[in-house]
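My questions will all concern the structure given below.
The values are calculated or read from the model by the stated rules, or taken from the named source; none is laboratory data. Only a predicted model underlies this, so the values are computations on that prediction, with no experimental measurement involved. As a convention, Cβ positions derive from the backbone with ideal geometry for all residues, glycine included, and neighbour counts pool all protein chains shown. We work out accessible area using only protein heavy atoms, side chains counted, and drop any ligands, DNA or RNA first. Shrake-Rupley method; radii C 1.70, N 1.55, O 1.52, S 1.80 Å.
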Amino acid sequence: TQVGNDLGSPEPLRWLLRSPFDRNVPVQLELQELLLDHVFQRLGVSSQGCVDHPIVLTEAVCNPLYSRQMMSELLFECYQVPKVSYGVDSLYSFYHNRRQNWPCSGLVISSGYQCTHILPVLEGRLDAKNCKRINLGGCQAAVYLQRLLQLKYPGHFAAITLSRMEEILHEHSYIAHDYTEELQKWRCPEYYENNVHKMQLPFSNKLLGSTVASEEKQEKRQQQLRRLQELNARRREEKLQLDQERLDRLLYVQELLEDGQMDQFHKALVELNMDSAEELQSYINKLSLSVEQTKQKILQSEVNIEVDVVDSKPETPDLDPLGSEQSLEDVESINEFEPLFAEEQPEAEKPVAAVQPVFNLAEYHQLFLGTERIRAPEIVFQPSLIGEDQAGIAETMQYVLERYSKEQQAILVQNVFLTGGNTMYPGLKARIQKELLEMRPFQSSFQVHLASSPVLDAWYGARDWAVEHMNREEGWISRKDYEEKGGEYLKEHCASNVYVPIRLPKQAPRAAEAPGRAVGTGNNPSEQA
C-alpha cells in the first residue's frame, strides 16, 4: 500500500487511486484504517498494541452520525485511544486567527478541494441550522481547466493532465474583479500580449532524421551479432539436450532386445511408432551423429566468441565446420540482420548533413493561457459555467445573511473570514468585498479577512485548541462516554459541530392492545367487530 507522496507522480495511477472519502465525508473505513496506520507509523508512535495519545480529528460540517460512529469505533476499538475530539477544519482556522475579543462572531467562507461552505458563527459557536454548502471546489476547477485546454490544444491531449492543471491554477490563475469587464479587456490584442502566460510542456528535441556516429553504429552492429551468437549457442544446447534424451531412450529400448525381453521391446517399438529393430538402429545412428556434431559446434563457437566486423556487410561466422543443418539456420538468422546493417551504414565519401527542423518544437509544445486564467476559478461564483444548477458564493452568502435580523447581519459582516486552499487566488478578497458592497445597504461597513495560511491554519488551530484544552474535559470524548452514549456522541466546543442525537419515534405499548383482542369471543359478528 502506497499513501500520499510515496506514489510519486499520480498520473499513471489516476484511475486506480482509492480514497476513503466521498467528497469530504469518510465512508470506507477499511481504507481509513490504512491511512491511520501510515500516519501513526510516520509519527513514530511506539506504544505496543494501541495509540496511547489523545486524538484531535477534523470532520465535515454537519457530519452524518453514521460516519462519526464508524470513526469513533475505529479509534476506540482498533487503536485503543484514551480520548478523542472532533472539530471542523474551517472553524479551527477561524479559532487560530481569532482576535483579542474572542469569543466573536463572523461569517466563515471555507473553500476546499471538493466543497465550499458558508458558515455563520455567533458568539463563538457555529449556527448549524443556517450553514450552506456549494458542491464546487478546486477539483472541479482543475477538471474544467483541463477540458478547456484539451479543446484548445487537441494535439497535446495526453500531456494536459490534472496535475499540470492544478499547478496552473495555483501559479497562473486569479479571480477577476468584474468577470464580464475582464473578458472585454482580453479581446484587446495589446492586453492579450501583455498578460498571456506561456507554459512549456515537456518534449524531446531528438529528430527522426538525426544521424549517429559511424563508430556507434559499428558497436551496435557488433552487439547485435554477439546477441545472435549467444542465441544460436543457446539453441544448440537445447537441441543437444533433447537429442541426448531421445538417444538415451532408444538405447534403453535396444538393451531390452539384447536382454531378450521381447514383450517389453515390442511394446516400446509401438510407443516409438517403429516397425523393426533395423529402423531403431537407423534412428540411433542418426541421433548419435547429430549429438556429436552439435558438441563439436558448441566447442567451435566457444573458440570463435569474438567476431570482427570490417566490411559494411558482416561476414558469416564459421560456426559449423562439419556443414550440418544447424549452420544453415545460423546463416539465415544472420542474414535477417543484413538489411538493418545496410541501412545504418553511412557512406564514407559523403559527409553527414544535419537535418534542420521545419518549425520550432519548443514553441509547438507551449500552452498559451489567456482567458482560461480567470474562467476556471470563476465557477465558484458562477457554477452555470460548467452546467451546475447551484448558486455561487455571492448568492449563497446573501441568502445566509437574509436569514438573520439586521443587527445580526451587521455583526456577521464585520468579520467575513476566508480560509481553505481554494481561497488563495489573487483577487478573491477584493471580489468578496465587491459582492458585499453590492448587497449591503448604502454606507454600511464590513470587513473581509483572509487566513494567514489558508491551507495550514486548520492544523495550527487544532494544535492551539488541543494545547489549551489538554487537561480539561470540554470537547473530549472519553472511552467511557463512547461505551455509554455510542459512537455518534459528540461533545461540543468552540470549533465543533452541533450535536443532534438520534431520536427514535415512540412506539405504542403492545400490552394495551391485548384486552381489545380478547373481547368478543362469541359468534356474534357485531361483538367480534
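Kindly indicate which of Met397, Met439 is in the same structural domain as Asp89 (by the TED database), of a type in the set (A, V, I, L, M) and under 17 Å from Thr116 (Cβ atoms).
Exactly one residue qualifies, and that residue is Met397.
While we're looking at this one, here's another question. Restricting to the stretch 424-444, give me the number of residues that are surrounded by fewer than 16 Cβ atoms within 10 Å (Cβ to Cβ), part of a loop (DSSP other than H, G, I, E, B) and at pLDDT 95 or above.
Qualifying residue count, the stretch 424-444: 1.
Name the residues in the stretch 258-268 that are surrounded by 10 or more Cβ atoms within 10 Å (Cβ to Cβ), in a helix (DSSP H, G or I) and out of contact with any helix residue (DSSP H, G or I) (no Cβ under 7 Å at 6 or more places or on another chain), would you?
Within the stretch 258-268, Met262, His266, Lys267 qualify.
Another question, if that's okay. Conditions first: (1) farther than 21 Å from Val455 by Cα; (2) open to solvent by 20 Å² or more (accessible area, probe 1.4 Å); (3) under 30 Å from the mean Cα position of the chain (by Cα). Ser67 passes all but one, so which condition is the exception?
That leaves (2) as the condition not met.
Still on this structure, please answer the following. Check every one of the helices (runs of 4 or more DSSP H) wholly within the stretch 354-423 and list those with 2 or more residues that are more than 19 Å from Tyr179 (Cα to Cα).
Result: 361-364, 393-401, 406-412.
Show the residue pairs meeting these rules: Cβ distance below 6 Å; 6+ apart or different chains; first residue within the stretch 1-15 and assigned to a loop (DSSP other than H, G, I, E, B); second residue open to solvent by 100 Å² or more (accessible area, probe 1.4 Å) and not aliphatic (A, V, I, L, M).
none
What tally of residues in the stretch 483-529 results from selecting those that are open to solvent by 80 Å² or more (accessible area, probe 1.4 Å) and modelled with pLDDT of 55 or more?
12
State all residues of the stretch 62-115 that are within 26 Å of Arg479 (Cα to Cα) and charged (D, E, K, R); if no residue qualifies, say none.
Arg68, Glu73, Glu77, Lys83, Asp89, listed by residue number.
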